[in-house]
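Derivation of every value follows stated rules applied to the coordinates shown; laboratory data play no part. Please read all numbers here as calculations on a predicted model, not as lab measurements. Here the Cβ is made from the backbone with ideal geometry for all residues, glycine too, and neighbour counts use every protein chain on show.
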Amino acid sequence: MRTALGIAILALLTRVAGAAPPGATVPTPEQYRLSAEDMDVLADGEITSDTKIGAAIADVLVGYGVGQAMEGRWRQTGWQLAIGDAAFSSVFVVGLMAAALPHGEGRCVQPGCAGSIHTNAAMIIGLVGLGLVRTGGAIDAVVGANSHNRRVHDLRTRVSKAPFLSSSDNGVVAGLDLRF
């Protein structure tokens, strides 16, 4: 009886305290629940400035999404950079091989340049594409990390404002946990 009375008073207080001005919405318990992806993001935590800088340098020098892997974001954008690096590296190598083969495209046929290799379209496309993918990877290492950090902060804010209801031997306790 005592517990039922406590719950009834709590429900009444919740209705009165939860009254919002016209047009405003009161958060529902479902809005405080986190998805598995949200919990993974919270578990990973924020990406530090040192990691961002190291990731950007790794993306320029090594490529293949290594910077995103350092940040723990390879499944988000790192795999796309790896595919881009592999594709444009392959295009460059194909162009290089075509120019190096006897009678290949880009091979110099004039008597004064015997044995030298000249560039062809595939080599240029491969190098330009590789440069663009590496530059994009370095930019993503910083901008994507900032976006990740914003999401972590928003999730922490959402979780820190979650109301709670706890029962014990002495009755029911309701509250609002705020952390700053």
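As a footprinting exposure proxy, order MET97, MET70 by other Cβ within 10 Å, with the fewest listed first.
Working: MET97 12, MET70 21.
With the sparsest Cβ surroundings first, the list reads MET97, MET70.
Where Lys and Arg each count +1 and Asp and Glu each count -1, what net charge lies around GLU37 among other residues with Cβ under 12 Å from its Cβ?
Once positives and negatives cancel, what remains is -1.
Among residues other than THR77 whose Cβ falls under 12 Å from its Cβ, what is the net charge (Lys/Arg +1, Asp/Glu -1)? Could you put the intermediate results ahead of the total?
Working: positive: ARG73, ARG75; negative: ASP59, GLU71, ASP140.
Around THR77, the surrounding residues sum to -1.
What full-extension length gain, to one decimal in nm, is calculated for SER160 and ARG33 as 0.36 nm per residue of separation minus the Cα-Cα distance?
Here the answer is 44.5 nm.
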